[in-house]
Amino acid sequence: VPEDAKEFIAMMNGERKLYRGQPINTNFCMSNPKARKRVADYVANYAQGHSNIDYLHVWLADANNNHCECSECVKKLPSDFYVALLSEIDETLTDENIKTRIVFIAYMDTAWAPLFEKIKNPDRFVLLLAAITRDYTETPDMSASGGELPKFVLNKNVFPSDLGDYIRYSEGWQETAFTPKFCYEYHFWIHQYYDFGGIRLAERLYEDVRAYRDAGFFGIIQDGSQRSFFPNGFPFYVYSRAMYDKEVSFEELREDYFSHAYGENWREISDYLEKISDIFDVKYLEVPHRSTAARNLISPKRAEALKEIAPLCAEMAKKLRAWRKVPQKRIFSLSMRILELHAEYCVGLAESMILTAEGKADEAFDAFNSHFDSFGAHEFEIERYFDHHLAYSALKRSLHPGKNRIITEEIG
């Protein structure tokens with residue numbers, strides 16, 4: 001950091017330096033008017049040079065509990081200084097007659113609405129809610145009800161796991177300025193890899209889309225891999241259809257997708273994937289983002305259940321090979337080939353997870369790495385459908401959080 005710029009860096013523990021050495025995670029000293037002007041001018045210049053952009057997102061640094069602790073910044077919430085910055089951006093854009101709308105984000109520490117500042121020109125802004133630490137195993141009641149929400153504590157916040165709580169925080173922002181609102185979601189980030197059959201993920205998407213709509217949100221942006229079609233694209237299909245058709249039922253979507261992807265055998269394949277989802281159990285695998293809670297993965301009951309995977313997948317793989325030999329549409333053959341590889345994927349991970357559930361942590365991690373090493377041989381064939389690296393990272397986070405080893409060979 002140049003010496004003449006240090007005064008603009010957020011102070012933490014008495015020092016102004018990059019947070020964890022990463023510029024992207026480093027906030028600036030938002031109580032400093034010179035720093036705010038630099039940011040406001042930069043945003044205005046960017047908007048002026050990119051007139052094709054209708055909605056420009058203005059976020060703070062990533063990470064959390066990383067805001068300035070100087071004597072001025074501690075007098076208000078980060079959200080207060082964020083609103084002050086947004087107002088200055090609005091004034092600069094207005095002076096330049098720039099019509100660009102600004103998207104501001106309720107995310108991590110800015111989930112808490114400001115206490116003192118208010119947005120002066122709501123027509124300029126749109127609220128984006130990013131409930132990154134939510135639980136993805138259920139869709140709660142999205143109405144503003146429940147007990148008292150935790151108060152903001154500078155750089156010591158504990159973030160909610162309940163999506164309904166995030167909605168309640170966002171309503172505080174609506175009191176600051178009633179703007180249109182939409183949300184930023186993470187189903188297709190790490191969470192997609194905790195549902196091996198994809199059926200429970202599809203159900204969650206279906207319910208979440210409807211719940212967000214009922215809570216007044218007009219759309220969803222997804223943060224995740226663009227290669228999220230393994231074992232198939234059913235969750236993505238449900239997500240897109242539910243966004244545009246609030247009357248369609250989940251079962252209608254299931255029949256429509258599976259019958260077009262697999263032909264006359266669609267129902268048997270759907271039932272098979274539902275069994276896969278249930279045996280692996282997303283509630284066993286799911287890890288809320290930033291969770292520090294201890295998880296006990298040892299479960300003899302889970303180990304026994306996982307032993308059903310190998311014979312189940314072997315039986316289905318045999319059928320898939322037979323079905324592929326029958327003259328049919330190419331899409332059916334391709335869909336079934338992907339399912340064959342998915343069966344191999346499930347069997348290998350079930351073997352490592354059985355060891356985890358039996359308490360054999362080191363053996364489990366070795367088996368886990370070995371499986372991803374060998375399964376990587378298929379990456380060339382299925383790279384457009386399956387994000388091998390992200391799947392490994394997500395499942396390692398869930399099943400082996402204490403292990404720091406990585407795959408030592410190139411995934412090929």
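The values are calculated or read from the model by the stated rules, or taken from the named source; none is laboratory data. Because the structure is a prediction, the values reported are computed rather than measured. Cβ placement follows ideal geometry from the backbone for every residue including glycine, while neighbour counts extend to all protein chains displayed. For the accessible areas, the whole protein counts, side chains as well, though only heavy atoms, and no ligand, DNA or RNA atoms are used. Shrake-Rupley method; radii C 1.70, N 1.55, O 1.52, S 1.80 Å.
For the chain, a Gaussian network of Cα nodes joined below 10 Å ranks I190, I105, I298 by mean-square fluctuation, and the top entry is I298.
Relative contact order of the stretch 235-350: what whole-number percent is it, with Cα pairs under 8 angstrom and at least 6 residues apart? Relative contact order here is 26 percent. A cut-off of 5 Å between modelled amide H atoms, ignoring neighbours fewer than 5 places along the same chain, links M30 with C68. Springs between alpha-carbon pairs under 10 angstrom, Gaussian network model over the chain: which of R200, R330, R267 fluctuates most? Maximum among the listed residues: R330.
Here the stretch 15-89 is assigned +1 on the Cβ of each Lys and Arg and -1 on the Cβ of each Asp and Glu. Its dipole about the Cα centre then comes out at about 260 debye.
Using Cα pairs closer than 8 Å and at least 6 residues apart in sequence, work out the relative contact order for the chain, in percent. The partial results should precede the final answer.
Values: 608 pairs, mean separation 49.5, N = 412.
Once divided by the residue count of the chain, the mean separation gives 12 percent.
For the pair the stretch 168-206 and the stretch 75-122, the centres of their Cα atoms are 23 angstrom apart. With a ≥ b ≥ c taken as the square roots of the eigenvalues of the C-alpha gyration tensor of the stretch 305-411, please select rounded if a/c is under 1.5 and otherwise prolate if a/b is larger than b/c or oblate if it is not? Cα axes put the stretch 305-411 in the oblate bin. Between [x] 21.1; [y] 23.0; [z] 25.6, which entry matches mean projected area of the Cα convex hull in nm² as derived from the coordinates of this structure? Answer by label: [y]. Cα convex hull, the stretch 79-187: 106 Å³ per residue, rounded to a whole number. Largest GNM mean-square fluctuation among S277, S79, S71, using the chain with Cα springs under 10 Å: S71.
Rolling a 1.4 Å probe over the protein heavy atoms leaves V74 with an accessible area of roughly 80 Å².
The gain in end-to-end length when the I331 to Y55 segment is fully stretched comes to 95.6 nm, 0.36 nm per residue minus the alpha carbon separation. For the chain, complete DSSP H runs whose alpha carbons reach 30 Å or more along their own long axis and whose mean Kyte-Doolittle score is 0.5 or higher are 330-357. The local environment of N32, defined by Cβ-Cβ distances under 10 Å, has a net charge of +2 under the rule Lys, Arg +1 and Asp, Glu -1. Less than 12 Å apart at the alpha-carbon level, and either on another chain or at least 8 residues along: which aspartates and glutamates does that give for K99? Straight-distance partners of K99: D54, D90, E91, D123. Once backbone amide H atoms are built at 1.01 Å from N, A106 has L128, L129, A130 as its partners under 5 Å, excluding neighbours fewer than 5 places away on the same chain.
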